[in-house]
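Presented below is the structure to which this report refers.
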Amino acid sequence: PPRLLQFKLVLLGESAVGKSSLVLRFVKDQFDDYRESTIGAAFLTQTVSLDESTTVKFEIWDTAGQERYKSLAPMYYRNANCAVVVYDITQPSSLEKAKAWIRELQRQADPNIIIALAGNKADLASRRAVPSEEAQAYASEENLLFLETSAKDNANVSELFTMIARKLPLE
Ligand code: GDP
Ligand code: MG
C-alpha cells in the first residue's frame, strides 16, 4: 500500500472570494451558488494520490475571512505546512488583501510553509479586473505557487492541491 503523509493546509483571503467553495469542490466535487459564510473555521480532509507509493492527506482549515475573526487566523496558520491564499479575479481589492495575508505568513508562519496564491472565479472572464500577468509576476517575485481557479467550473482545483502536494517534503 502507498505511504500516507499528512499535512496541515490553511485557506486565507477576503470574505466571499470562494475559499469554502474551493474546498467544497476539492473535497466533495460540489458547488453551491448560495453558500453560507463560514463561521470561525471549518475542518475537512482530502487525499491526493501522487503515485503508487505516496498518498498525501490534507487536513484543511477553511477560515472565515471576516475582520472580526482575524485574530483567530494565527491559530490556524501557526503550524500549517501549506497555505492557499485566495483572491477574486473580479476584485482588485481582494488581491491587495491576499498580499497582506502573504506578508503576515512570511513574517509569522513556519519559514518552510508552502504558499499558493489562487485567483478564483476565473469563469467570470468578462468581469476580470486583475490581469493574470500581474498576479503571476507578483507570485514569482515572492516565490509563491500561482494558479487561476474556478470552483464553479471546476477549473484548476485539483491541480492547485496537487501542485502543493508536489512541493511538500515527501520524505
Ligand atoms: P468564502 O467567503 O471565501 O469562503 O467564499 P464562498 O466560498 O462562500 O463563496 C462566496 C460566493 O462566491 C458564493 O456565492 C459562491 O457561490 C461564489 N463563488 C465561489 N467560487 C466561485 C467561482 O469560482 N466562480 C463564481 N462565479 N462564483 C464563485
Ligand atoms: Mg468561507
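Overview of results
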quantity: Test: residue in segment 69-82 that is closer than 24 Å to L124 by Cβ and either surrounded by 13 or more Cβ atoms within 10 Å (Cβ to Cβ) or away from ligand 1 (no atom under 16 Å from the Cβ) (or both); calculated: no
quantity: Residue pairs meeting the criteria (Cβ under 8 Å; at least 6 apart or on separate chains; first among the aromatic types (F, W, Y), in segment 84-99; second crowded, with 24+ Cβ neighbours inside 10 Å and not in a helix (DSSP H, G or I)); calculated: Y87/G13; Y87/V17; Y87/L117; Y87/A118; Y87/G119; Y87/N120
quantity: Evaluation of P131 against (1) in contact with a helix residue (DSSP H, G or I) (Cβ under 9 Å, 6 or more places away or on another chain); (2) within 10 Å of I89 (Cα to Cα); (3) surrounded by fewer than 20 Cβ atoms within 10 Å (Cβ to Cβ) (one fails), failing number; calculated: (1)
quantity: Yes/no for A98 being at pLDDT 95 or above, closer than 19 Å to A155 by Cα and within 17 Å of the chain's Cα centre (by Cα); calculated: no
quantity: Residue count for segment 1-52, restricted to those that are of a type outside the set (D, E, K, R), free of Cβ contacts under 8 Å to residues at least 24 places away in the same chain, more than 9 Å from ligand 1 (Cβ to nearest atom) and not in a strand (DSSP E or B); calculated: 2
quantity: Residue list for segment 4-60, filter: closer than 19 Å to I114 by Cα and among the small types (G, A, S); calculated: G13, S49
quantity: F58 surrounded by 16 or more Cβ atoms within 10 Å (Cβ to Cβ), within 19 Å of A155 (Cα to Cα) and touching a residue at least 12 places away in the same chain (Cβ under 8 Å); calculated: no
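Residue by residue, here is whether (1) out of contact with any Asp or Glu (no Cβ under 9 Å at 6 or more places or on another chain); (2) more than 9 Å from ligand 2 (Cβ to nearest atom); (3) closer than 20 Å to A64 by Cβ holds:
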| site | (1), (2), (3) |
| --- | --- |
| R3 | yes, yes, no |
| K19 | no, no, yes |
| F26 | yes, yes, yes |
| Y34 | yes, yes, yes |
| G40 | yes, yes, yes |
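The values are calculated or read from the model by the stated rules, or taken from the named source; none is laboratory data. Here the structure is a predicted model, which is why all the values come from computation and not from measurement. Neighbour counts are summed over all protein chains in view; Cβ atoms, including those assigned to glycine, are modelled from backbone coordinates with ideal geometry.
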